[in-house]
Amino acid sequence: MKGFIGKAHKLFNADLVAGPQPPSEKRNPRPLSASKPSSLIAPSSTVGFSGMNSRSNLLPSIQDPSALDILRYRYHHATNLGSVYVLERWLSPSRFPQDTSGSSELEAVKAWVAKIGTEQTKQMFETCWANAILDEDIDWLRNEAKGTTVRLPIGYWDLPGEEFTRGTPFEPISHIYSNAWISIRDLILRLRAHNIGVLIDFHAVPGGANTNDHSGTNSNVAEFFTSPYNRKLGIRCAEFVARESAAGLQLAGISLVNEPNTDSETIYDWYDEATDAVSAIDSSLPIVISDAWDLKRAIGYSLRKNVVNPTKPINPIVIDRHMYWCFNDADKKKSPQDIIQEVSTKLSELNGKEGSVTDRGAVQVIIGEYSNVLSADTWVKTGETPKAELIKIFGAEQSLRYQQRAGGAFFWTWKMDWMPGGEWGFKAQSNPQNRFIFPPPHAFIPERNIFGLLECARNRKEERMWKAVDQHRAYYDHLAPNTLADHSRYEHGWKIGYADAYVFFEGKADEAVGPGNRLGNVELWLLKRIRESGFAGGFVWEYEQGIRRGIHDFNAVVGI
């Protein structure tokens, strides 16, 4: 067993420090037309740069990544906020009167109103919201935990205006939440000022997407997708957040619904309606959809939506996958060692689906929830290995896998009454003196070293570019010597990819986005760059592969 542990530690450390491998060039030559399309452009010999980010001789439609782009498309080493704006009694029992019969937000509010009245309940809730995240908490999240993003669970009742609770169980008590969105907005702005993005998560939608108490009630029914009224109200909620985003509230994304039941037959019809509504307001805001515990189906949907030439503007679609090994009976029969070995097989549904946005569309997965919790049934199968050691390996394996295959991972959770939270606690698992989950290696690069790494990237740009272009040209000349190609597209893409990765790593200090970021949601970023280019025809794939190689080469030069 000790040999297994040592191997796991070495594997984790080796994989984290190893440079990324270049994108594969293996692909079938394409049947191309005999004439060169007029849309092709001549290659630029150099990228002019003052700090590497001038694009005056690249496509005018391609601008530097913005501060908001970095917040949205970097790798998210992240956490969920916890039981603040959607109460769960197991996390925050102090928010419930002791004699409350239920465990949901609705039951807590009703019990407090009966006990102390509406106005005192309103004041108490507002005080709890205001004190949930202190400035020192934000400092810890950024500097100690190395967090980049917070998934912020909210309920439909937290939005301003009676229209969002009309016809729901929260209508009689909507007054208590009249300042909830003000509090949420203030928290978003405070986090943003410290280089932390926020993913708004509609954890509770009208009628409930599942039967659990984190849908807001203890009704034990899920009536969101079966009720036309609830479905329309859910879309109005998404539209509200989209309007806030369009008006300047900088969000990492919006998650439309949390953990819908697997038998929700009309879920993808509603996703279509919701994405159309949001796209009409702000088509840049990443939309996160739950996979409803069926990742293959969600991947198919994502590939159909994230196409390079949509008929109308549409938001990038991200898939939310939740990873737990403590709930179902099959996992309870496994030992910790079995589960640890299983981690590296997860997200294999993505195999063969990434790597060519031009051909297939884009797919990007985030882990919206995960923890280091295993069941009591699993822990009795531990053997002689100390539990703490197994938890550390489990957390390391999860961290590594998600950094390899996902655009980010959001631990469940940050805030609860019983801090620091054990294997459920982001605080406990992120202690710098004894980490059980691990930020990506680039999070530990001292800011004082980044200037030198950027200078190195500038100095090695030409060398890396011509090496990549020559390899690409030689590969295809050998593979299909008599097939038309336009390798200038590849060179052009390489320059954009290298410069994009540079800007992410450099950050935007004047806009409160610090340095040391790695482009993590690569598939969706490529989709964005291809759409912005206006390129069409048989050679777009060369542009895409050039961007991929440019990003890879920059990361290799600076060692991330």
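Brief remarks on what is shown
- Candidates GLY550, GLY546, GLY516, GLY538: the one that is outside any helix (DSSP H, G or I) and under 21 Å from VAL357 (Cβ atoms) is GLY538.
- Residue count, segment 280-303 (criterion: surrounded by fewer than 16 Cβ atoms within 10 Å (Cβ to Cβ) and in contact with a strand residue (DSSP E or B) (Cβ under 9 Å, 6 or more places away or on another chain)): 1
- Selection within segment 226-252 - outside any helix (DSSP H, G or I) and crowded, with 23+ Cβ neighbours inside 10 Å: ALA252
- Residues (more than 16 Å from VAL365 (Cα to Cα) and among the polar types (S, T, N, Q)) located in segment 517-549: ASN517, SER533, GLN545
- Residue within segment 445-468 that is within 21 Å of HIS76 (Cβ to Cβ), modelled with pLDDT of 95 or more and among the aliphatic types (A, V, I, L, M) present: yes
- Evaluation of ARG142 against the conditions (1) touching a Leu at 6+ places or on another chain (Cβ under 6 Å); (2) not in a strand (DSSP E or B) shows that the sole unmet condition is (1).
- Residue in segment 96-124 that is nearest to ILE182 (Cα to Cα), counting only those that are touching a residue at least 40 places away in the same chain (Cβ under 8 Å) and either surrounded by 22 or more Cβ atoms within 10 Å (Cβ to Cβ) or charged (D, E, K, R) (or both): LYS122
- Pairs with Cβ under 6 Å, 6+ apart, first in segment 280-304 and assigned by TED's automatic domain parsing to the domain that holds PHE225 and within 14 Å of ASN258 (Cα to Cα), second surrounded by fewer than 19 Cβ atoms within 10 Å (Cβ to Cβ) and modelled with pLDDT under 95: ALA292/THR262; TRP293/THR262
- Among all residues of segment 476-497, there is none that is in contact with a helix residue (DSSP H, G or I) (Cβ under 6 Å, 6 or more places away or on another chain) and exposed (fewer than 15 other Cβ atoms within 10 Å of the Cβ).
Quick grid of which residues meet (1) touching a helix residue (DSSP H, G or I) at 6+ places or on another chain (Cβ under 9 Å); (2) over 19 Å from GLU162 (Cβ atoms):
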residue: ALA180; (1), (2): yes, no
residue: SER183; (1), (2): yes, no
residue: ARG190; (1), (2): yes, yes
residue: ILE196; (1), (2): yes, yes
residue: ASP201; (1), (2): no, yes
residue: GLN250; (1), (2): yes, yes
residue: ILE254; (1), (2): yes, yes
residue: GLU259; (1), (2): yes, yes
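- Filtered by the rule that a residue be hydrophobic (A, V, I, L, M, F, W, C), closer than 30 Å to ALA428 by Cβ and assigned to a loop (DSSP other than H, G, I, E, B), segment 145-180 gives a lone residue, ALA145.
- Pairs where the first residue, in segment 202-214, is touching a residue at least 12 places away in the same chain (Cβ under 8 Å) and the second is assigned to a loop (DSSP other than H, G, I, E, B) and among the charged types (D, E, K, R), C-beta under 7 Å, 6+ apart: GLY207/GLU223; GLY208/GLU223; ALA209/GLU259; ASN210/GLU259
- Residue that is surrounded by the most Cβ atoms within 10 Å (Cβ to Cβ), among those in segment 253-279 that are β-branched (Val, Ile, Thr) and within 17 Å of the chain's Cα centre (by Cα): VAL257
The values are calculated or read from the model by the stated rules, or taken from the named source; none is laboratory data. Since the structure is predicted, the reported quantities are computational estimates derived from the model, not experimental observations. Counting neighbours? That spans all protein chains shown, and the Cβs are built from the backbone with ideal geometry, glycine included.
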